[in-house]
Amino acid sequence: MNITVQSKTLEVTDALRAFCEKQASKVGRFGRNISQINIHIENITRKKNDPTAASVQYSVDLPGKVLVVKRTAVNMYDAVVDATNGIMRQVRKTKEKRITKKRG
């Protein structure tokens, strides 16, 4: 499983990269067939009082399917955690659908 952390508008620090990789490794527990995880981090420049200033997009490559989740939050770390929880839910849902189809 390859994990790629990319950013358009800000420099990815070592701490942020390590946090993203640690969060992305949690996704690997739900699917053995995951080949690639791409994390796109973006800092949105908006008004001061706008609460959504950080955006994170996960792309997970499964055989025959690509799952994408995009989340925004005030803090970059909160956005990463929210996106991780969302993608874990989608991967688990896809896995359970595949198992149910085999049984039925």
*Karplus (6.51, -1.76, 1.60) ³J(HN,Hα), θ = phi - 60°, over segment 2-8, in Hz, Gly and Pro reported as x*: 9, 10, 10, 10, 10, 8, 8
*Hey, what angle do you get for helix 76-103 against the long axis of the chain, alpha-carbon based, 0 to 90 degrees rounded to 10?*
10 degrees
*Kindly put Met1, Met76 in sequence by how many other C-beta atoms sit within 10 Å of each C-beta, fewest to most.*
Met1, Met76
*Report, for the chain, the % of DSSP beta bridges that are antiparallel, rounded to 5.*
75 percent
_Per 0.36 nm of contour for each residue apart, how much would the distance between Lys97 and Asp14 grow if the chain were fully extended, relative to their Cα-Cα spacing?_
26.2 nm
*Which label belongs to the value computed from this structure, given these candidates for Cα Rg over 2.2 N^0.38 Å: (i) 2.66; (ii) 1.15; (iii) 1.61?*
(ii)
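Express in nm, to one decimal, how much length is gained between Val66 and Asp78 on full extension, taking 0.36 nm for each residue of separation and deducting their alpha carbon distance.
On the way: separation 12, 0.36 × 12 = 4.32 nm, distance 2.34 nm.
Here the answer is 2.0 nm.
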*Which ³J(HN,Hα) values in Hz, rounded to whole numbers, follow from the phi angles of segment 13-26 under the Karplus curve 6.51 cos²θ - 1.76 cosθ + 1.60, where θ = phi - 60° and Gly and Pro get x?*
7, 5, 5, 5, 5, 5, 5, 5, 5, 5, 5, 5, 5, 5
*Given H placed on each backbone N at 1.01 Å, which residues far from Ile3 in sequence or on other chains put an amide H within less than 5 Å of it?*
Ile37
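Test of understanding: what is the full-extension gain from Thr4 to Lys22, defined as 0.36 nm times their sequence separation minus their Cα-Cα distance? Present the calculation step by step, with values, prior to reporting the outcome.
Values: separation 18, 0.36 × 18 = 6.48 nm, distance 1.19 nm.
Result for the pair: 5.3 nm of gain on full extension.
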*Assigned charges on the beta-carbon of Lys, Arg, Asp, Glu; the chain dipole about Cα centre (debye)*: 820 debye
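Computed from the coordinates by the stated procedures, all read-outs in this text should not be read as laboratory data. None of the values given here were measured: they were computed from a predicted structure. No Cβ is skipped: glycine too gets one built from the backbone with ideal geometry, and neighbour counts run over all protein chains shown.
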